[in-house]
1. Against the definition (over 22 Å from residue 213 (Cβ atoms), within 17 Å of the chain's Cα centre (by Cα), free of Cβ contacts under 8 Å to residues at least 40 places away in the same chain and in a loop (DSSP other than H, G, I, E, B)), how does residue 277 come out, yes or no?
2. Pairs please, first residue from region 347-366 and in the same structural domain as residue 217 (by TED's automatic domain parsing), second anywhere and within 6 Å of the ligand (Cβ to nearest atom) and modelled with pLDDT of 90 or more, Cβ atoms under 8 Å, 6+ apart in sequence or on different chains.
3. Could you check region 350-370 and list, in sequence order, the residues that are near the ligand (Cβ under 8 Å from one of its atoms) and more than 29 Å from residue 300 (Cβ to Cβ)?
4. Can you pull out every residue in region 1-37 that is within 30 Å of residue 345 (Cα to Cα) and touching a helix residue (DSSP H, G or I) at 6+ places or on another chain (Cβ under 8 Å)?
5. Have a look at 422, 433 and point out the one that is farther than 28 Å from residue 313 by Cα and away from the ligand (no atom under 16 Å from the Cβ).
6. Residue by residue through region 107-142, note down the ones that are in a helix (DSSP H, G or I) and modelled with pLDDT under 90.
7. Which condition breaks for residue 255 when tested against (1) under 17 Å from the mean Cα position of the chain (by Cα); (2) surrounded by fewer than 21 Cβ atoms within 10 Å (Cβ to Cβ)?
8. Scan 54, 33, 8, 28 and give me the residue that is in a strand (DSSP E or B) and without any contact (Cβ under 8 Å) to a residue 40 or more places away in the chain.
Ligand SMILES: [Zn+2]
């Protein structure tokens, strides 16, 4: 009868926290007590652990078992502490060797089935990041979570299928399951190709600039003009995520995915995510929610490091659209709920599509046989659903017209190669995509003399500081696409064109 200490980890908000599980086994009437801000799911852990221990061929101690979870102030939920609790009980009961305080002691996470099998947990990569940051060198995780967790550098990830296997790993006579074994096969989904978009050379150019600099893009035009076709093809020209960004993306998606289903983990293939929420989505689905201390990221966060596409943007609730302003500025979305309060990653590239009016055919040339007869008041009311302050935060504004041309353009592969080169130039220059560079950094990199003059003129005119910064970033992207070391006057003038207000739609 003794005291044992084991480390586990839980998801707390959007990050992980290492939890110390202390188990004391004392003489007395058989009972199991649990202390340390645990919710119902953890309360049930003692029952699952007890059954799992029994069904594994080991024995649950006869006596009073007290389980303490610390830090006490962190709310703990989920089932990931089942495994460390069971290990702690076995250790306190001296059925397995006492855990030493050496650096080599692994952290355990995993849900236990009553039969002693270890089941996958959501957020495994998130807790693995926390374990690595806390200085631990090894983590034992459910086998279904191994490949995901092994993305985190600097920590040895050991997969186990059962409580018994975890015990053997601890005893040193089982190496566990390592990453790299074929757990899930990611089908290579080659998305729709730009070559399928006929005509619309201006739209294609706008999409390429947006991809090259991670610029936000608004497209206004009548139904069927190709707004959605274009937007859905941006993933096919975006570069792969960096290894660090892959981990970022997986950590956000791990909070919502049901783990271990053999499905492709979003981000695992290195591709940036593409989220296209419907306009009927609730604010919670768009921005995120908190349930019992557990954060459920919304579309803005699931689009982290990737693209958020809002089709028929004026149909979204105005409040939802306005809420995008904060993440567009900061790259995070703030959730303030009773159970949890904090910032969730939401560094997305916004692509927005809208009809110019309720019927959709305003500004359409008469020769196309459709014309708008919406009353002016309904046109302006429709336009104002996308507010001026939101449009101010959009770098590229494009009005698309119907085209008769059936000209076939370049393929996505051809465009993607150029986008990659432009992105590389920006990354080498200031370590980020152009749209994300700070005003201070921007100011430290002079353009060519003529270009500076155009910028200064724009600032003196109706431009304003915010708009001038956006134009400068766009000009850098145009220069990167040209393979030039600095923007010239032509780049700045083109940037100003792309940043023009949309006209009467732009309220
Ligand atoms: Zn109309």
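1. Numbers: over 22 Å from residue 213 (Cβ atoms): yes; within 17 Å of the chain's Cα centre (by Cα): yes; free of Cβ contacts under 8 Å to residues at least 40 places away in the same chain: yes; in a loop (DSSP other than H, G, I, E, B): yes.
Against the criterion (over 22 Å from residue 213 (Cβ atoms), within 17 Å of the chain's Cα centre (by Cα), free of Cβ contacts under 8 Å to residues at least 40 places away in the same chain and in a loop (DSSP other than H, G, I, E, B)), residue 277 qualifies.
2. Matching pairs, first to second residue: 357/374; 358/374; 359/374; 362/374.
3. Passing the criteria: 359, 361, 362.
4. Of the residues in region 1-37, the ones within 30 Å of residue 345 (Cα to Cα) are 7-21, 36-37.
Those that are within 30 Å of residue 345 (Cα to Cα) and touching a helix residue (DSSP H, G or I) at 6+ places or on another chain (Cβ under 8 Å): 7, 8, 9, 10, 11, 14, 15, 16, 17, 18, 19, 21.
5. Numbers: 433 fails: farther than 28 Å from residue 313 by Cα.
One residue alone meets the criteria, 422.
6. Narrowing region 107-142 to residues in a helix (DSSP H, G or I): 124-133.
Answer for region 107-142, where residues must be in a helix (DSSP H, G or I) and modelled with pLDDT under 90: there is none.
7. Going through the list (1) under 17 Å from the mean Cα position of the chain (by Cα); (2) surrounded by fewer than 21 Cβ atoms within 10 Å (Cβ to Cβ), residue 255 breaks only (2).
8. On the way: 54 fails: in a strand (DSSP E or B); 8 fails: without any contact (Cβ under 8 Å) to a residue 40 or more places away in the chain; 28 fails: in a strand (DSSP E or B).
Answer to the check: 33.
The values are calculated or read from the model by the stated rules, or taken from the named source; none is laboratory data. Predicted model, so just to flag it, every value in this text is computed and none were measured. Quick reminder, even Gly has a Cβ in these numbers, built from the backbone with ideal geometry, and neighbours come from all protein chains shown.
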